[in-house]
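Asker: Quick one: the structure is below, questions incoming.
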Amino acid sequence: MPELPEMEARRRALNDPVSAFPIEKAGPAHVATLKTYDPPLSALEGRRLVGAERRAKRLLFPTDDGELVLLVHLMSAGRLRYLPAGKEGPKKPAFRLRFEGGGQLVLTEGGPKKRAGVWLLTPEAAEAELAHLGPEALGLGAERLGEILAEQPRRLHSLLRDQRVIAGIGRAWANEQLSPFAPAKGLSPGQVQTLAGAIDSELERGLELRERGAKDAKVYRVHDKLGEPCYVCGTPIARVDFEEHTIYYCPECQTGGRILKDRRLSRLLR
C-alpha cells in the first residue's frame, strides 16, 4: 500500500493540474469504488477543485467554493493519474473526473478485488471520516513521539503502522526503523530521539526519491531486501514471516545480533 512518501509525491504531482479547469463530467465510478451517494457525483460538475491535499494515506480534493471534498483512498492496488488533454484513458476506470480543458483524473485498480474507495463529502463529513487518524508521522518530533510510545504497551512495528496512533507509515517504511519487536514503552530517551530522527530522515528521503520517479528497489534500504547486505554494516538482511505480512530487518543494526523467530516456520515445526 502506498505510504506517506508515495502519497505526498502523488499529491504534489496532482495539485496544479486538477485545479486548472472546472470539472465537466464526474464519473463513471465502479459500484464497489464509490462509497457515498449523497451528494451525487454530478454535484461536482461545473465546480473547480482548489488543488490536492493529503491526510495520512488519503488524498483530498476540496472544491474552491468550500462546499464539497472528494476523498480518495487507493488501498494496495489503486492508481490515481492525471491524463492531459489528448491522452486516451482506460475504457473502464474505477473512477474518472473529466475537466473542461480535456484532462482527466483517472483511478484504476489492478486485480479482481475492488478495495480502493472514493467518497464525495461535505467538509464536516470529511473531517469526521478522518477523525480516527493519529498525528502525521513526518515532523512529529521526539517529544510527541515519546508521549505516544509511553501510552502504548505494544511492539514497535505494530505501533508504527497503526494509522490510529501515527498516520502515514505502513509495513514497508516501518521496516526502516529500530527493532520491529522492541516494546514501545521500553525505549530509552536516546532511542526515542533516534527513532524520531529516523522517521523524518527516511520519509523525507523516500519522498525525494519518489518525486524523481525512483522504484522500490532504489527507495527501500531494508524492506524487501532479504539476503542483501545492510547499507550500514553489511550484515545480510533477514525477515520474519507472518500470515499477512513480512517484516524485514538488519540483525546487527536493529536487533543487536539477534535473529528473530520466523512465526510461520515455528508453527510448522511444532
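Asker: Which is farthest toward the positive dipole end of the chain among Ala172, Gly51, Gln152, measuring Cα position about the Cα centre, with Cβ charges +1 (Lys, Arg) and -1 (Asp, Glu)?
Answerer: The Cα lying farthest towards the positive end belongs to Ala172.
Asker: Which label marks the calculated value of percent of Cα pairs over 25 Å apart, given the options (i) 63; (ii) 51; (iii) 40?
Answerer: This structure yields the entry labelled (ii).
Asker: Evaluate the charge dipole of segment 75-136 about its Cα centre and quote only its size in Debye, nearest 20, assuming +1 on the Cβ of each Lys and Arg and -1 on the Cβ of each Asp and Glu.
Answerer: Using Cβ point charges on Lys, Arg, Asp and Glu, segment 75-136 gives about 600 debye.
Asker: Leaving out ligands, DNA and RNA, and with a 1.4 Å probe, what % of the accessible surface on segment 1-81 is carbon or sulfur?
Answerer: Summing carbon and sulfur atoms, their accessible area is 49 percent of the total for segment 1-81.
Asker: Still on this structure: Keeping all protein chains in place, calculate the accessible area per residue for segment 67-180 (probe 1.4 angstrom), answer in Å².
Answerer: Using a 1.4 Å probe on heavy atoms only, each residue of segment 67-180 averages 44 Å².
Asker: Another one. Quick one: net charge of Ile23's neighbours, Cβ under 15 Å, K/R +1, D/E -1?
Answerer: In short, -1.
Asker: While we're here: Would you kindly state how much longer the chain becomes between Arg81 and Lys113 on full extension, computed as 0.36 nm times their sequence separation minus their alpha carbon distance, in nm to one decimal?
Answerer: The span from Arg81 to Lys113 would gain 9.6 nm if fully extended.
Asker: I need the helices of the chain that pass two filters: whole DSSP H segments spanning 24 Å or more by Cα along the axis, and mean Kyte-Doolittle score no lower than -1.0.
Answerer: Helix filter hits for the chain: 189-211.
Asker: When the helix-only estimate is applied to the chain (DSSP H runs of n ≥ 4, each -39,500 (n - 2.57), divided by the residue count), what is the mean residue ellipticity at 222 nm, nearest 500 deg cm²/dmol?
Answerer: Theoretical 222 nm ellipticity from helices: -8000 deg cm²/dmol.
Asker: Can you tell which of Pro112, Leu140, Gln193 lies farthest toward the positive end of the dipole of segment 75-195, using +1 and -1 charges on the Cβ of basic and acidic side chains (Lys, Arg; Asp, Glu)?
Answerer: Pro112
Asker: Filter the cross-link list Lys91/Lys218; Lys185/Lys261; Lys25/Lys114 down to pairs whose alpha-carbon distance in this structure exceeds 30 Å.
Answerer: Violating the 30 Å Cα-Cα cut-off are Lys91/Lys218.
Asker: Taking segment 152-251, which chymotrypsin sites (Phe, Trp or Tyr not before Pro) meet the DSSP loop condition and have no more than 14 other C-beta atoms within 10 Å?
Answerer: Tyr231, Phe242
Asker: Over segment 124-270, with every protein chain in place, what whole percent of the accessible area is carbon and sulfur at 1.4 Å, could you tell me?
Answerer: 49
Asker: Sticking with this one: Apply the Karplus curve 6.51 cos²θ - 1.76 cosθ + 1.60, θ = phi - 60°, to the phi angles in segment 126-133 and return the couplings in whole Hz, x for Gly and Pro.
Answerer: 3J(HN,Hα) across segment 126-133, in whole Hz: 5, 4, 5, 4, 9, 5, 6, 6.
Asker: Further question: Taking the Cα centre of the chain as origin, work out the dipole magnitude from +1 charges on Lys and Arg Cβ and -1 charges on Asp and Glu Cβ, in debye rounded to 20.
Answerer: 1160
Asker: Say each of Arg154 and Tyr37 gets a label point 7 Å from the Cα, pointing the same way as Cα to Cβ; how far apart are those two points in nm?
Answerer: If labels sit at Arg154 and Tyr37, their model points lie 3.5 nm apart.
Asker: If you count only protein heavy atoms with a 1.4 Å probe, what accessible area per residue comes out for segment 1-43, rounded to a whole Å²?
Answerer: Normalised by residue count, the accessible surface of segment 1-43 is 50 Å².
The values are calculated or read from the model by the stated rules, or taken from the named source; none is laboratory data. What you see is a predicted model; the values in this text were computed from it and never measured. Glycine gets a Cβ as well: all are built from the backbone with ideal geometry, and neighbour counts include every protein chain shown. Accessible surface areas use protein heavy atoms only, side chains included; no ligands, DNA or RNA. Shrake-Rupley method; radii C 1.70, N 1.55, O 1.52, S 1.80 Å.
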